[in-house]
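A short reminder: the numbers here are calculations on the coordinates, not readings from a lab. Since we're looking at a predicted model, the values are computed, not measured. So basically every Cβ, Gly included, is an ideal-geometry build from the backbone, and we count neighbours across all protein chains shown.
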Amino acid sequence: MVVKKDNVKRAIAKAKSLRTSGQKLNLVAKSIRGQNIKVAIDQLAFSRKRISREVLKVLNTAIANAENNFGLDIDRLIVEEAFVGKSIVMKRMRPRARGRAAKILKPFSKLTIVLKENEEGK
């Protein structure tokens, strides 16, 4: 998907059901916002967070979309936006003492990465 605002092409990639909370995913997404894609790939490859592998897959998809579908130059791409949203929440029960139950919430998140071509061409 390409979006044109201010006559600048943007390539988008989305992941709809990532098995982590939005708060944890946003920590990883915040580390790549505004970065050159080479720096962002290095940041995700060496991150100790489990979800960074999934974010790297989405980033590689956005790069492939930019190159193959829209003919953007890979060396000039930067991560313009990386935003996180809530998805479904699986609800489970855990047995507790005296016949009671406790709720277990297992959240899922959405991730959207938007790449654009840098005008300066670093």
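Where does each of 107-113, 63-69 land if you order them by average Cβ count within 10 Å, highest first? Walk me through the intermediate numbers first.
Details: 107-113: 20.9, 63-69: 16.1.
With the highest mean Cβ count within 10 Å placed first, the list reads 107-113, 63-69.
Per the Debye formula on identical point scatterers at the alpha carbon atoms of region 11-117, with no solvent, log10 I(q)/I(0) at q = 0.17, 0.22 Å⁻¹ is -0.74, -1.09. Amide H contacts of T20 (H built 1.01 Å from N, in plane; Pro and chain starts excluded): S109 sit under 5 Å, all sequence-distant by 5 or more or on other chains.
Counting 0.36 nm for each residue step from K38 to E67 and taking away their Cα separation leaves a gain of 9.0 nm. For the chain, the mean residue ellipticity at 222 nm estimated from helices alone is -8000 deg cm²/dmol, where every DSSP H run of n ≥ 4 contributes -39500 (n - 2.57) and the total is divided by all residues, rounded to the nearest 500.
Between helix 22-32 and the chain, what is the angle of the helix's C-alpha long axis to the longest principal axis, kept within 0 to 90° and rounded to the nearest 10? The helix 22-32 is inclined about 20 degrees to the chain.
What ranking do 97-106, 83-92 get when scored by the average of other Cβ atoms within 10 Å per residue, highest first?
Details: 97-106: 8.4, 83-92: 12.8.
Highest to lowest by the protection proxy: 83-92, 97-106.
Relative to the dominant Cα principal axis of the chain, helix 52-64 is inclined by about 30°.
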